[in-house]
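Have a look at the structure below before the remarks.
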Amino acid sequence: MASIIGFAARIWNLNYPPQPAKKDGAVRIGLLGASGIAPVAVIQPAKSHAEVIVTAVAARDVKKAEAYAKKHSIPIVHKSYQDVIDDPAIDAIYIGLPNGLHYEWALKSLKAGKHVLLEKPSTSNAAEAASLFHHELLKQPNAPVLLEAFHPLFTPAWQLYLSLLDPPNLASAHATLLVPSILFGNDDIRYVYDLAGGALMDCGTYCCLFLRQMFGSEPVECIEATPTFLPEPWDQKCDQVMEAKWRFPNGGIGSIDANLSNPVLKSKLPWCQAIHKEKVVQDEELSEEKEHVVVKRVVGTLLMQPVVWHRISITEQHTIRNIADKKALKSWTTTEYMKAYKWEEFNGKKKGEDWWNTYRWMLEEFVNKIKGREGSGVWMSHQNSIHQMEMIDSGYAKAGMAIRPSSHVLQ
Ligand SMILES: NC(=O)C1=CN([C@@H]2O[C@H](COP(=O)(O)OP(=O)(O)OC[C@H]3O[C@@H](n4cnc5c(N)ncnc54)[C@H](OP(=O)(O)O)[C@@H]3O)[C@@H](O)[C@H]2O)C=CC1
Ligand SMILES: O=C1OC[C@@H](O)[C@H](O)[C@H]1O
């Protein structure tokens, strides 16, 4: 009963959040594009943040921007993306543009001294990521904050999940993200190569991040990558599905299933699984010719958006066996379930509400960083964003596909 009430309260607060008065010095965000994602990723989360005001928007078509501004109560409409960036009333830019435009507009925003919340994947490829995240502008004192918007990272639930793993001793890890096919038409930006589309770029990038975090290291090589495409004549350079595997430095294998065309009736919640290497358990009661071994499996379900509901299961498969012939004499399984809607359920010192979604957790840290506050300590570093794109590029290379094209815009 308590969990049903908790669920209902979280969903209510998520949709009708308390809206505190805005404080002096609130970060004024400008949106580039009247994008589908901005209301979810920024506009709604900003309502409950006393230090964020979504102040301006521009779209390629000013009428579209006006309608969007009216719908979302955004006070200023600019005629162009550049006008948003140049507006002295704007402190930070949210870039919810197609992937292929991220590099160009992030660089333009940084050059204007604006902080940037940049949608994932950060750029079109690793070369662009290195060029952006290693840019001289970011090495200056008081450099603007640049954050790739990897929202699930910032939640207590994901951090709890990671804390349950022993990365050097992982044998395998897997991440699945299946997106219902009805969400995106065949003409969506996700299927345009020149806009850096593709399933590996889109939902696959989360899967890559999850694997990298689970192993706590960078993959050595991509060992398999199998793309599936839309039927011709649709763009054959953009994967609609990518199934791929990487080998990590400890010999463990990480696999992903990134799918933009999942049938609705076959939907499956996003999940990830880490299986540890077999470990010998000290057991004084066993005779010398026997041993006790355990394999630990940690599964996270719906850690992509844990506010709704999520579950972390820790299963230990125990076996008592003969050392000589490995014959199992006895085996049993234990399973424990965990969750963390707030830091209190995991690490009591940090702040936040159980009804915050991933985007709200991320916004909190973006503002903390701008304000020079310690925050939760969770962050997506620049190097992390570069490694992300390296992993994605390696997937495309293994699949025999072209990496996504670089922007024509130079440094
Ligand atoms: N964090 C998350 O959960 C999610 C992140 N994303 C990411 O956000 C970004 C945008 O995705 P999404 O909001 O779904 O996409 P949309 O198509 O809804 O929005 C993209 C925006 O880009 C602008 N745009 C500028 N140039 C072009 C062009 N040549 N072709 C098409 N659009 C153009 C359009 O702006 P205008 O209004 O000016 O016409 C449009 O509003 C992507 O990088 C995606 O990966 C997407 C969904 C979820
Ligand atoms: O969160 C997401 O899920 C659906 C995807 O297509 C989207 O781009 C991604 O960010």
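The values are calculated or read from the model by the stated rules, or taken from the named source; none is laboratory data. Remember, it's a predicted structure, so these values are computed and weren't measured experimentally. Don't worry about glycine lacking a Cβ; one is built from the backbone with ideal geometry, like all the others, and counts go over all protein chains shown.
Within the stretch 132-156, the set of residues being over 15 Å from L101 (Cβ atoms) and in a helix (DSSP H, G or I) comprises F133, E136, L137, L138, K139, H151, P152, L153, F154, P156. Restricting attention to the stretch 241-267, the residues being under 19 Å from the mean Cα position of the chain (by Cα) and under 22 Å from N186 (Cα atoms) number 7. Taking the stretch 320-338 as the range and being in a strand (DSSP E or B) and not small (G, A, S) as the test, the residues that pass are I320, R321, N322, L329, K330, W332, T333, T334, T335, E336, Y337, M338. Screening the candidates P156, P180, P167 for the property of being more than 12 Å from ligand 2 (Cβ to nearest atom) and surrounded by fewer than 22 Cβ atoms within 10 Å (Cβ to Cβ) yields one hit, P167. Taken together, E316, E285, E336 contain a single residue that is at pLDDT below 95 and in the same structural domain as S172 (by TED's automatic domain parsing), which is E285. When we screen L110, L117, L165 for residues that are touching a His at 6+ places or on another chain (Cβ under 9 Å) and outside the structural domain of K279 (by TED's automatic domain parsing), the only hit is L110.
Here is the figure for the stretch 64-95: residues that are within 16 Å of ligand 2 (Cβ to nearest atom) and surrounded by fewer than 22 Cβ atoms within 10 Å (Cβ to Cβ) total 0. Of all the criteria given as (1) surrounded by fewer than 20 Cβ atoms within 10 Å (Cβ to Cβ); (2) more than 16 Å from ligand 1 (Cβ to nearest atom); (3) small (G, A, S), the one not satisfied by A244 is (1).
The sole residue among L146, L138, L101 that is within 16 Å of ligand 1 (Cβ to nearest atom), in contact (Cβ under 8 Å) with a residue 40 or more places away in the chain, surrounded by fewer than 23 Cβ atoms within 10 Å (Cβ to Cβ) and outside the structural domain of S385 (by TED's automatic domain parsing) is L101.
Each row is one residue, and each column tells you yes or no for (1) polar (S, T, N, Q); (2) more than 15 Å from ligand 2 (Cβ to nearest atom); (3) modelled with pLDDT under 95.
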residue: L110; (1), (2), (3): no, yes, no
residue: L137; (1), (2), (3): no, yes, no
residue: P141; (1), (2), (3): no, yes, yes
residue: F150; (1), (2), (3): no, no, no
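The set of residues from the stretch 10-63 being more than 22 Å from the chain's Cα centre (by Cα) and within 12 Å of ligand 1 (Cβ to nearest atom) comprises V57, A58, A59, R60, D61, V62, K63. For first residues located in the stretch 47-66 and closer than 17 Å to H115 by Cα and free of Cβ contacts under 8 Å to residues at least 24 places away in the same chain, partners that are within 10 Å of ligand 1 (Cβ to nearest atom) and not hydrophobic (A, V, I, L, M, F, W, C) and lie 6+ apart or on another chain with Cβ distances below 9 Å do not occur.
Residues that are surrounded by 18 or more Cβ atoms within 10 Å (Cβ to Cβ) and either free of Cβ contacts under 8 Å to residues at least 40 places away in the same chain or more than 16 Å from ligand 2 (Cβ to nearest atom) (or both) within the stretch 194-216 comprise L211, R212, Q213, M214, F215, listed in sequence order. Of the residues making up the stretch 339-355, none is under 14 Å from H151 (Cα atoms), touching a strand residue (DSSP E or B) at 6+ places or on another chain (Cβ under 9 Å) and in a helix (DSSP H, G or I). Yes or no: P20 closer than 21 Å to V367 by Cα, modelled with pLDDT of 95 or more and more than 16 Å from ligand 2 (Cβ to nearest atom)? So P20 fits the description; yes. From the list V367, V307, V378, V298, the lone residue that is in a helix (DSSP H, G or I) and of a type in the set (A, V, I, L, M) is V367. Is there a residue in the stretch 175-182 that is more than 16 Å from ligand 1 (Cβ to nearest atom), of a type in the set (V, I, T), under 14 Å from the mean Cα position of the chain (by Cα) and closer than 30 Å to R360 by Cβ? Yes; the residues of the stretch 175-182 include at least one that is more than 16 Å from ligand 1 (Cβ to nearest atom), of a type in the set (V, I, T), under 14 Å from the mean Cα position of the chain (by Cα) and closer than 30 Å to R360 by Cβ. Number of residues in the stretch 197-216 that are touching a Pro at 6+ places or on another chain (Cβ under 7 Å) and either over 16 Å from S255 (Cβ atoms) or at pLDDT below 95 (or both): the value is 2.
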